[in-house]
Each structure stands twice: as C-alpha cells, then as structure tokens.
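Okay, structure first, notes after.
The values are calculated or read from the model by the stated rules, or taken from the named source; none is laboratory data. No experiment lies behind these values; they were computed from the predicted model shown. Glycine also receives a Cβ, built like all others from the backbone with ideal geometry; neighbour counts cover every protein chain displayed. Heads up: the accessible areas ignore ligands, DNA and RNA and are worked out on the full protein's heavy atoms, side chains in. Shrake-Rupley method; radii C 1.70, N 1.55, O 1.52, S 1.80 Å.
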Amino acid sequence: MSPPKRRGTAKSEEAYRSSCRVLPGGVNSPVRAFGGVGGTPRFIEKAKGAILTDLDGNEYIDYVGSWGPLILGHADDRVVAAVSKALCHGSSFGAPTVRETRLAELVIAGVPSIEKVRFVNSGTEATMSAIRLARGYTGRDVVIKVEGCYHGHVDALLVSAGSGATTFGTPSSPGVPEGVTSATVVIRFNSLDAARAVFAEHGDRIACLVVEPIAGNMGCIPPADGYLQGLGDLCRAHGALYILDEVMTGFRVGYGGAQGLYGLRPDLTCLGKIIGGGLPVGAFGGRAEIMDRLSPLGPVYQAGTLSGNPLAMAAGIAMLEALGDPGVYNDLEARSARLAEGLEQAARGAGVPTFHTRVGSMMCTFFTDGPVTDYTSAKRCDTEAYGRFFHSMLEGGVYLAPSQFECAFVSTAHTDELIARTIEAAKEAFASI
Ligand code: HOZ
C-alpha cells in the first residue's frame, strides 16, 4: 500500500457546515463531532479493509472500526456477499425467517451461558430490555450500575453516583426523570468492597447488576483478578441477576467473549453490533428459564419491527461463521500485541507519560502515568495531550477514536505493514506533543 494520501479537508469542512444546519451538532451520535479533540470531523466516503477514505480523498488506517464490530475490517467480501444476496430477497418482513434461527444457533454455540436469545436493533435496546426482563423475572426494582461503564442511552443507566457508596444515583442527563434513576445504585469499577456494601444494604431489593466485563467506554480497563467472579457470587447469593454487557467484548476478545476468557457464567448477556457484522443489531440472551419470561411466552413485553432484520442477520451469520476459525483470534492477538508494544515504546522513547492497557484486540493509550483501574483514575488523563496526539496521528494517516475515553480496535485487515506504519506515525506524534 502506498503512503496515505493527504489532500486537505475542505470537503469535510463544507459537509460539516451543511450537516450542522440540519442535524444537532452536525452528527447523529455526539462523540463523532470531535468535541473531545477539537477540529472538524472527517466525513467518510467509503472504507475497505482497514482503510477509511474521507470526502477529500484522504486515507486513514482505521482503529475505530465502527466502534468495535468490524473485526474482519470494512466491507469484508463474505459479509458484503451475504447482505447483497439477502437484500435481493427483501429488506424487512416483520415476520420470522430461518436466518434468525441460524444466527441464534451460532450465538448460543459461541456463548455457553446463552440458552435462548432475542435479537434487537442496538446495544442500547439490548441493555434496556435485559434490565426490564431482570426486573420482571425477580419482581425487584433496584439496578446496580458500575461507574464509567456505558450501556447505551438507557434512561435508568444515565446516572451519576449518589453522595455515598450505597446511595441511589441522580440523572446524568436532563430529560431523565429522577424517578427512573432513583432505583439505580452506582458503584466503582474493580471494587468488590463497593459491591459488597450495596448488596449488604439493599440485597433483597436488587434485580440485577450490569457491568462491562472489560470496560470499554472509559478507555479500555481490564477487570482486576477475581473481580468479575466476585460480582457473580454476590448476585447469586442475593438472588439478583448478573448481566454482562458484552456489546464491545462479545466475539471480540475471543469467540466466547470476555465470559469465555475469564470463565464466567452470567444470567444474561447483552451483545451488539459485532453479531450483525456491523449492521444495526443488538441481542440479549441467557438462561432459558429467564428468557422464557419474555412475551409472547411470558409477561415481560419487548418487540420491534426491525428486530431480526434479514440483512443484519445475513451479515451476522457471515461474520460469526468467519470468526469460527480459531486462527482469527491467534492472528488478532499477535497483531494487537505488536501494535500495543510499538505504541508503548514510542511513548517511552518520546518521554510522554502514558499508561497502556490491552485485552486481545481492544486497547487504550491513557495520557497519564497511571495506573488506570477505574473511572476516577481514567479521568486523571491529560485530554488536551490526547487531542494533540489524535490530530498528529490523523495528519499521519491514522484514524483513532476522537476521544481519550474510547478504545482502539484491531481487525484482521490490519496487516503487519499497516501496523508498522501506525507505529512510525505514533513516534512522530508523541515527539510532536
Ligand atoms: N459512545 C459510542 C462508542 N462507545 C459512540 C458510537 C458512535 O458515535 O457511533
């Protein structure tokens, strides 16, 4: 591949001016607006493999990968063929298809804690519905949420910690009624003591605890040894459901997700865009006895015209079939390790204080000397330094997340050459800040 083309940003700037006239903030999801790093978002024209091309014709090695799902890279031929074939037969029926059964079988085979699954359209829908199901199943209201974990824009989870460790949270966004978050308690990530305290005080009222097993929305923060097992034990001891939000980690850190990696057996699991090959999909699943409380078998209501959409199911089947080759994960691990080591050495070489985390093909460079183990330590990062690094990388043809508090994702399309080029760009970027 020839060096990334640099052609200015006039077309992206013009596109952004136009979009700002008709879309709030010019975007349909806030982080895309570059608010965390400054400057003008690049408008994407197309992508193939690991390369994004913007409207001006600039090419970037992409480590956002649509925020995680594109493990095979952009426009993977197998996924494109499956979606094209499905589209020729109709884009939506609002009636069952055998593709839904096939994708469910693949998900269940890959994630042993899931006996039955329901497909929805996004990770947000998955977590929202899993919480409703947990409340319906247990007949309890209280939800425990972990600080810094993000589960989509679900009202009950847009919540800031209360004044004490075991007090109920307060809304973190206008428009979320206090009545909704008043049944949510927020605890610190990686602190079993915090979880124990909440269960000790509210144990018989707790419907569920929801957590990202590897935090991916405050940068990438791995769980401390025994933390996730400890949360599961607490849930079991108090009759609460243990919900793992594997929207980012499912089929990413291994075919069995984080639960496969750490040997966990949650009651419910939320999955997202990965199982739709990058198309709009979410899913939640778990023990049959719990899932059967969903309508039409049970009383807990959940529905959607686009749920199990044929295009998304076709993409998901192609994706999971391709990921079924264990070689994929060995390959991803080797490439990701090379990149992470290269970035760490580049930062050290330039004398920039950073703390690096990685689990499989998701990773983060925190602009702090660390350690980063939870939301409080993540917030210590020098976000302005990250912004300078981000822009220097962009200029060098590398597209990172426009926020310090997101992960970098490696795909099978990131060749050795692209990784080497990324490390060279990082050396220059660290030196320049
Ligand atoms: N917060 C989302 C990623 N963790 C943003 C998704 C998007 O903007 O597409």
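Are any of the residues in region 186-206 part of a strand (DSSP E or B) and within 30 Å of ALA401 (Cα to Cα)?
yes
Please work out if PRO353 is open to solvent by 60 Å² or more (accessible area, probe 1.4 Å) and in contact with a Gly (Cβ under 9 Å, 6 or more places away or on another chain). Considered against the rule, which asks whether it is open to solvent by 60 Å² or more (accessible area, probe 1.4 Å) and in contact with a Gly (Cβ under 9 Å, 6 or more places away or on another chain), PRO353 comes out as yes.
Tallying residues that are within 13 Å of the ligand (Cβ to nearest atom) and polar (S, T, N, Q) within region 14-30 yields 2. Candidates are the residues of region 382-418 that are part of a strand (DSSP E or B) and not small (Gly, Ala, Ser); the one that is farthest from the chain's Cα centre (by Cα) is VAL398. Among the residues of region 366-381, those identified as away from the ligand (no atom under 16 Å from the Cβ) and either assigned to a helix (DSSP H, G or I) or touching a helix residue (DSSP H, G or I) at 6+ places or on another chain (Cβ under 6 Å) (or both) are PHE367, VAL372, THR376, SER377.
Residues in region 138-147 that are touching a Cys at 6+ places or on another chain (Cβ under 9 Å) and buried (at least 24 other Cβ atoms within 10 Å of the Cβ): VAL143, ILE144.
Which of the residues belonging to region 31-86 are of a type in the set (Gly, Ala, Ser), closer than 19 Å to CYS364 by Cβ, surrounded by 20 or more Cβ atoms within 10 Å (Cβ to Cβ) and within 16 Å of the ligand (Cβ to nearest atom)? Before the answer, list the steps.
Applying the first criterion (of a type in the set (Gly, Ala, Ser)) to region 31-86 yields 33, 35-36, 38-39, 47, 49-50, 57, 65-66, 68, 73, 75, 81-82, 84, 86.
With the extra rule that they be closer than 19 Å to CYS364 by Cβ, the set shrinks to 35-36, 50, 65-66, 68.
Then keep just the ones that are surrounded by 20 or more Cβ atoms within 10 Å (Cβ to Cβ); that gives 50, 65, 68.
Answer for region 31-86, where residues must be of a type in the set (Gly, Ala, Ser), closer than 19 Å to CYS364 by Cβ, surrounded by 20 or more Cβ atoms within 10 Å (Cβ to Cβ) and within 16 Å of the ligand (Cβ to nearest atom): GLY65, GLY68.
Picking from residues in region 142-158 that are closer than 17 Å to LEU228 by Cβ and assigned to a loop (DSSP other than H, G, I, E, B), the one that is farthest from the ligand (Cβ to nearest atom) is GLU147. For region 170-178, the count of residues that are within 19 Å of HIS238 (Cβ to Cβ) and either open to solvent by 40 Å² or more (accessible area, probe 1.4 Å) or touching a His at 6+ places or on another chain (Cβ under 9 Å) (or both) is zero.
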